[in-house]
1. In region A:263-284, what count of residues is obtained for those that are on the phi < 0 side of the Ramachandran plot and under 13 Å from the mean Cα position of the chain (by Cα)?
2. Please name all residue pairs, on different chains or six or more residues apart, with Cβ atoms under 6 Å, provided the first residue is in region A:48-61 and is within 16 Å of DNA strand C (Cβ to nearest atom) and the second residue is at pLDDT 95 or above and among the small types (Gly, Ala, Ser).
3. I need every pair where a residue in region A:254-277 that is in the same structural domain as A:GLU520 (by TED's automatic domain parsing) and within 16 Å of A:LEU192 (Cβ to Cβ) has its Cβ under 9 Å from the Cβ of a residue that is among the acidic types (Asp, Glu) and modelled with pLDDT of 95 or more, sequence separation at least 6 or different chains.
4. Looking for whichever is surrounded by fewer than 18 Cβ atoms within 10 Å (Cβ to Cβ) and not in a loop (DSSP other than H, G, I, E, B) here; the options are A:VAL643, A:VAL593. Which one fits?
5. Check every one of the strands (runs of 3 or more DSSP E) wholly within region A:295-401 and list those with 1 or more residues that are of a type outside the set (A, V, I, L, M) and modelled with pLDDT under 95.
6. Out of region A:468-483, which residues are surrounded by 15 or more Cβ atoms within 10 Å (Cβ to Cβ) and without any contact (Cβ under 8 Å) to a residue 24 or more places away in the chain?
7. Tally time: how many residues in region A:606-638 are crowded, with 16+ Cβ neighbours inside 10 Å, part of a helix (DSSP H, G or I) and without any contact (Cβ under 8 Å) to a residue 40 or more places away in the chain?
8. Among the residues in region A:64-80, are any more than 30 Å from A:HIS290 (Cβ to Cβ), buried (at least 19 other Cβ atoms within 10 Å of the Cβ) and away from DNA strand C (no atom under 16 Å from the Cβ)?
Amino acid sequence: MTTRGAQRRQQREAAATLPVARVAVDVSLAHLDRPFDYLVPTDRSDEVVAGCRVRVRFAGRLVDGYVLERAASSDHQGDLAFLDKVVSAEPVLRPEVAALARAVADRYAGTLADVLRLAVPPRHARAESQPQRAPAAASPVAPFAAPDPSDWAAYPTGSAFLTALAEGRAPKAVFTALSGEDWPRRVAEAVLATVHSGRGAIAVVPDARDLDRLDAAMTATLGPGIHVALHASLGPAERYRRFLRASRREVPVVVGTRAAAFAPVENLGLVAIWDDGDDLYAEPRAPYPHALQVLLTRAQLAGAGALVAATARSAEAQLLIETRWAQELAAPREVVRLRAPAVAPAGDDADRERDPAAVTARLPSLAWRTARDSLAAGAPVLVQVPRRGYLPAVSCVECHAPARCGRCSGPLELRSSHAVAACRWCGRPAADFACHRCGGRRLRAAIVGAGRTAEELGRAFPGVPVRTSGRESVLATVAGEAALVVATPGAEPIADGGYGAVLLLDTWALLTRADLRAGEETLRRWLAAATLARPAGQGGRIVVVADGGLVVVQALLRWDPATFAARELAERRELGFPPAARMASLTGPAEAVADMLTLAALPEGAELLGPVPVGDDERALVRVASRTAGGALARALHAAAGVRSARKADGAVRIQIDPRELW
DNA sequence: TCAATCCGTATC
DNA sequence: ATACGGATTGAC
C-alpha cells in the first residue's frame, strides 16, 4: 500500500537547510514542462547541488532529472517525495545554461527536457571520476597584445571591436571577412581579447573540418590548455571528458560544432559563429533550434559580446545590423576589390538552357581557358559542382526567378512531370501563374542532372592530376601545384598559396532549388569557393557559368554580399518570410494538425497557410508579421501541445519555428 | 450501505 | 506509465 511506503519514505529525514530540490525531470510532455519539487535526504544534502543529476519517482516511474536549485520551501500543496537517487554531485547544468535552455525551449515552442538533451552530453562515469586538472587561472595564458595591424587594419572598426572585448565590454558585430581571410585566426584573436578581460568565450563552426582549423588557430593564438573542442563524433567518453573540463572551469574557452552553443562557459564575454548560413547549424532534433539563435539568446542573457562572421552574409545577419543589434565589421570597397579574385561570368547559352544536363559536358571556353592558364602557371584549379538530388523546382521562363505562389508567396513545385505546379505551402495550384519579378506567365521545370565532371575534366586536361573532395571523402588541403580539384559545396579544400582559378559549374542546380533561400545559399557557396582563390593582382580568376545578368551573379562579380543581403532581407519583408516575419510549421496526421489549430489561441493577425499533404501527413504553416508576435505564437502552440498531451490525444504534431528547409 | 470498478486527471 | 479521487455500479 502506498501510504505505508510513503510513510517509510517520510521517516527519512529531510536536510536541515534548504530541504527542497527543484528538479527538471526528463519528461518531454508539454503539459509537464515545469520544475517539480522533491525533498533532499539529509545524508545526501552535500551532494545535491544546483545542476547535478538525480533520479526521482515521477508518476510512479523512475526518471532522470537535474536539480535546478535548492530551496527553503515549496509551493506544492501536497506531500513532497524524496529524491530517489543522487546520480552524481557533478554540477553539469549550471543555472546560466538552464536559463538559456528555458529561453530556447520557449522560443521554439518546445520543452525544457528536449533542449537539455541537446545541451548536456550523456554522463560517462569513468570520465567523471578522473582527477581534475589545474584550473585555467594557473595555466599560462598568452599575453594579450594588440592585434597585428596588418591583419585587422583592413577593417575600420576591427581594432575597436577587439579593444572593447579586451576591456570587458560586450560589442556585437557582423563580421564580413575579406576574400582569402584567415578567419580562424581572426576568431581566435577575438577570443584572446576576451580571455584577456578575464572572461570566457564560445566559438562555433559548421563542421569537423572547420573545427580542426579553428582548433589549430586557437592553440597557436592562445597557447595550449586554454580551450577545448567539442563535437559529436568524439565518442561518449572523450566528449564528456572535454565537456567536464569546461564545466569545471579548467578552461575558459569552448570551440565546437552546433551543440557547443550550449557549452558550460562561466562569465561569458563572447559568442562567435562562423558562416551562420550553413544548414548544419539547424539542429535536426526537437525543438530544432538554430545555433545562431542559441548564441544570440545567450549573448543577450549573459551580457556577452557577439561575433557573427562569414564571407557571405545571411538575411539573419543583415537583420542584426538593420535593427542595430550589431555593428557592421567590414572592409571598405577598395580593399574588398584588392583582395578579391577577378570574377567573370561565362554566359549560359541557348543550347545549354534547353538541355541543362549538357552543362558539364561542354565547359564554356572561357572556363576552359582560365583553367588552362592557371595550370600552366603551376597553380591548382578548384571546380565546384553541386551535389546531386535537388528537388524538382519550377521557375519563370523569362527571368529564371524561382516561381512563387500568387496567394501566399510559397514556392511552387512539381509532383510529377505532367501535374500542374502547386504551392508547397498552401497547396493552391498555380494555374494562373504570374512571375513576381518580371510578370512572365510561363513556367519551366528545372530538373537538374548530375555532374560526372571529374572524368570529363580529366579528359579535357590530359596529364593533369584530378582530385575530388566530396561527401564521402573530404580533403582539408591541397598542395600549391598544378592540379584539378573537383569539390562539392562545403568540401572545398584549401590550397597552399590559393587557387589560381575557381570554376563554378552547374549553377542551375543551386539557382533553381525549390527553397526560397536559393539566392542567399548560392552566393554563400560561391563565395566560400571563390575566397580560396588568390587575389586578382596575383592572378586569381573565378569563372561562374551563369547568366551575368542575374542578381546573385552580379553580387558575386562585385563581391558584394552586404548589398545582396540587404536586398534579400527587403524582399523577405515584402513577402512575409523569416527572419522578417516568423513562421511555425505544424506537421502530423491531418486530424492531429486540425486539433492543434483548434486548440491554439493564435495571436492577433496570425495567418494560416494550408494545410497541405506531406507524404502521409499534413503540414500547416502559421505566419505572424512581427518577432514580438512570434513569442506569442510559440507560447500559444506550446500551450495547445500541452492540452493535447494532457489529453493523450492521438497523433503527434511536430512544431517547428522558422524551419530553414522551407526557405 | 459498501466494496468493486471505471474514468478522468495529475504526476512534487 | 501509475496512482489517486470521485463517480458509478451492483450485490446485499
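The values are calculated or read from the model by the stated rules, or taken from the named source; none is laboratory data. Since we're looking at a predicted model, the values are computed, not measured. Using ideal geometry, Cβ is built from the backbone for each residue, glycine included, and neighbour counts are taken over all protein chains shown.
1. Taking region A:263-284 as the starting set, the residues that turn out to be on the phi < 0 side of the Ramachandran plot are A:263-266, A:268-274, A:276-284.
Add one more test, that the residue is under 13 Å from the mean Cα position of the chain (by Cα), and what stays is A:272-274, A:276-284.
Going through region A:263-284 one residue at a time, the tally reaches 12.
2. Note: pairs meeting the criteria are A:VAL56/A:GLY65.
3. Listed pairs, sorted by first residue: none to list.
4. Values: A:VAL593 fails: surrounded by fewer than 18 Cβ atoms within 10 Å (Cβ to Cβ).
Answer to the selection: A:VAL643.
5. Details: elements: A:305-310, A:327-330, A:342-345, A:381-384, A:393-396.
The qualifying strands (runs of 3 or more DSSP E) are A:342-345, A:381-384, A:393-396.
6. A:THR468, A:LEU475
7. Residues flagged as crowded, with 16+ Cβ neighbours inside 10 Å, part of a helix (DSSP H, G or I) and without any contact (Cβ under 8 Å) to a residue 40 or more places away in the chain within region A:606-638 amount to 2.
8. No - not one qualifying residue is present in region A:64-80.
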